[in-house]
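Asker: Before I ask anything, here is the structure I am working with.
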Amino acid sequence: EAFMAVMASIVPHYIIGIALAAGVYGFFMLCEGFFIIYSDIPPWFIWGYYIAFHTYSFRVFMHNEFDPIDSFDSQQFPTGESVLKFYDMDNVNVGQDLGILVAFMVFFQLLFAWILWAFHTGKR
């Protein structure tokens, strides 16, 4: 939500902001680790994995969902840990990932406030 507020404050028309943000969100979803697994992301494109805040929420979701599962009725994934290993998420630090998400939130809220103060104060 804070990211969308920043996008809305830097574009001249809200439709442009929606289109631009949809492209950025699409990029983030591509790099989060579901569509392209971390080990399959090319080295020149790995920066997208780290700047996409979807990465950290998806990692926490995957850890929360699959770590406690002891067995599946599947030969490819006999346990929840095997699912996490397949997605290269077997070493998730939930506290760190949630802290990064909070830091993103604070950063985007402060950036939004600064943009409003610097570029939109007293202009109508």
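The values are calculated or read from the model by the stated rules, or taken from the named source; none is laboratory data. Computed from a prediction, not measured in an experiment: that's the story for all the values here. Here the Cβ is made from the backbone with ideal geometry for all residues, glycine too, and neighbour counts use every protein chain on show. Only protein heavy atoms, including side chains, enter the accessible area calculation; ligands, DNA and RNA are left aside. Shrake-Rupley method; radii C 1.70, N 1.55, O 1.52, S 1.80 Å.
Asker: Can you give the convex hull volume of the alpha carbon atoms of the chain per residue, in Å³?
Answerer: On the way: hull volume 14.7 nm³, N = 124.
Here the figure is 119 Å³ per residue.
Asker: Can you tell me the 0 to 90 degree angle between the C-alpha axis of helix 53-66 and the longest principal axis of the chain, rounded to 10?
Answerer: Its long axis makes an angle of about 30 degrees.
Asker: Across region 9-21, in residue order, what do the Karplus-derived ³J(HN,Hα) couplings come to in whole Hz, using 6.51 cos²θ - 1.76 cosθ + 1.60 with θ = phi - 60° and x for Gly and Pro?
Answerer: 7, 9, 10, x, 9, 5, 5, 5, x, 5, 5, 5, 5
Asker: Continuing with the same structure: Once the whole set of protein chains is in place, how much accessible area is left on TYR38, using a 1.4 Å probe, in Å² to the nearest 10?
Answerer: 80 Å²
Asker: Please tell me the relative contact order of region 64-110 in percent, rounded to the nearest whole number, where contacts are Cα pairs under 8 Å and at least six residues apart. Write down the numbers at each step before the final one.
Answerer: Numbers: 24 pairs, mean separation 10.7, N = 47.
It rounds to 23 percent for region 64-110.
Asker: Do you know the relative contact order of the chain, to the nearest whole percent, from alpha carbon pairs under 8 angstrom that are 6+ apart? Don't jump to the answer; show the numbers that get you there.
Answerer: Numbers: 111 pairs, mean separation 35.1, N = 124.
This gives 28 percent for the chain.
Asker: Next up: Taking only the alpha-carbon atoms of region 63-124, what semi-axes of the equivalent ellipsoid follow from 5 times the gyration tensor eigenvalues under a square root, in whole Å, largest first? Present the calculation step by step, with values, prior to reporting the outcome.
Answerer: Working: eigenvalues 388, 24, 12 Å².
Calculated on Cα positions only, the semi-axes equal 44, 11, 8 Å.
Asker: Continuing with this model, one more query. Taking a point 7 angstrom from the Cα of PHE119 along the C-beta vector, which residues in region 10-31 have backbone N less than 17 Å away?
Answerer: Under 17 Å, as judged by backbone N against the label point of PHE119, lie 10-22, 24 of region 10-31.
Asker: Also: Determine the share of the chain's accessible area contributed by carbon and sulfur atoms, expressed in whole percent, with a 1.4 angstrom probe.
Answerer: Values: 5400 of 8140 Å².
Here it works out to 66 percent.
Asker: Using protein chains only and a probe of 1.4 angstrom, how many square angstrom of HIS63 are accessible, to the nearest 10?
Answerer: HIS63 exposes around 50 Å² with every protein chain in place.
Asker: Right, next: All other residues with a Cβ under 14 Å from the Cβ of TYR38 taken together, and with Lys, Arg as +1 and Asp, Glu as -1, what is their net charge?
Answerer: Values: positive: ARG59, LYS85; negative: GLU32, ASP40, ASP88, ASP90, ASP97.
Summing Lys and Arg as +1 and Asp and Glu as -1 gives -3.
Asker: Report the FRET efficiency, 1/(1 + (r/R0)^6), for LEU111 and ILE36, where r is their Cβ-Cβ distance and R0 is 25 Å, rounded to 0.05. Provide the component values of the computation, followed by the final result.
Answerer: Details: r = 28 Å, r/R0 = 1.10.
Taking R0 as 25 Å, the efficiency between LEU111 and ILE36 is 0.35.
Asker: Return the single residue from GLU65, GLU81, GLU32 with maximal mean-square fluctuation; model: Gaussian network over the chain, springs between Cα atoms under 10 Å.
Answerer: Evaluated over the chain, the most mobile residue of the options is GLU65.
Asker: Using +1 on the beta carbon of Lys and Arg, -1 on that of Asp and Glu, and nothing else charged, what's the dipole of region 1-92 about the Cα centre, debye to 20?
Answerer: Details: 2 positive and 10 negative charges, 90 e Å.
Dipole about the Cα centre, nearest 20: 440 debye.
Asker: Rolling a 1.4 angstrom probe over the protein heavy atoms, how many square angstrom per residue are accessible across region 14-124?
Answerer: Numbers: 7390 Å² over 111 residues.
Value returned for region 14-124: 67 Å² of accessible area per residue.
Asker: Let me ask you something else. What nm value, rounded to one decimal, do you get for the distance between ILE10 and VAL24 when each label is placed 7 Å out toward the C-beta?
Answerer: 0.5 nm
Asker: Now, a different point. What does the net charge come to around VAL92 if you take all other residues with beta carbon closer than 12 Å to its beta carbon, with K and R at +1 and D and E at -1? Intermediate results must be reported in sequence, preceding the final value.
Answerer: Numbers: positive: ARG59, LYS85; negative: GLU65, ASP67, GLU81, ASP88, ASP90, ASP97.
Residues near VAL92 contribute -4 overall.
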